[in-house]
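Readers should treat all values here as calculations from the given coordinates under stated rules, not as data from a laboratory. What you see is a predicted model; the values in this text were computed from it and never measured.
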């Protein structure tokens, strides 16, 4: 597991947070630490430091938004759950910033019956 976070302590903090209904300060710090360390794995993919920090913030936002979805009955470790959420958030941030090629080259479909706010296209 991660050397920068004690997984047992992180698991305890998440369980404690779920009981309180909000994240504890220690859990918040650990989530931020995961985001800071996880972004290092994607270091070569950024054209600027601003892009890097935007993606890191996206990963942290995803973790902070989805922390309550952790199922302690199903998993005995919290770190893999949060690291996966963070990785997906970072990747989503990269996709938004760099507009993946397949999104630009894919032909756009226009519905003849539902275009123009549901009134349809009449002048073709």
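Remarks
- Fully extended contour minus Cα-Cα distance, from residue 16 to residue 37, at 0.36 nm per residue: 5.2 nm
- Taken as Cα centroids, region 44-79 and region 7-33 sit 14 Å apart, rounded to the nearest whole angstrom.
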